[in-house]
Amino acid sequence: MKKKRYEGTLDEVPRFEIYLNVNKLKRGKYLLKIMNQNKIVKNTHFSKE
């Protein structure tokens with residue numbers, strides 16, 4: 001039996017966007033701190049339920 005081979009292309013991800021995949025995080029509340037040159041630029045709270 002031959003192995004199946006799948007081929008395709010993916011769209012290019014924009015260069016200046018950051019994606020955070022929360023699927024692997026446990027349930028709870030989180031604090032995301034965005035830093036630039038060791039200084040906190042933005043704090044964001046989010047929860048996974």
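Just one residue in the set Leu20, Leu32, Leu10 is touching a strand residue (DSSP E or B) at 6+ places or on another chain (Cβ under 9 Å) and assigned to a loop (DSSP other than H, G, I, E, B); that residue is Leu20.
The set of residues in segment 1-10 that are modelled with pLDDT of 85 or more and not basic (Lys, Arg) comprises Tyr6, Glu7, Gly8, Thr9. In the set (1) modelled with pLDDT under 90; (2) surrounded by 10 or more Cβ atoms within 10 Å (Cβ to Cβ), the condition left unmet by Phe46 is number (1).
The values are calculated or read from the model by the stated rules, or taken from the named source; none is laboratory data. These numbers come from a predicted model, not from an experiment. Note that we place each Cβ from the backbone using ideal geometry, even for glycine, and neighbour counts take in every protein chain shown.
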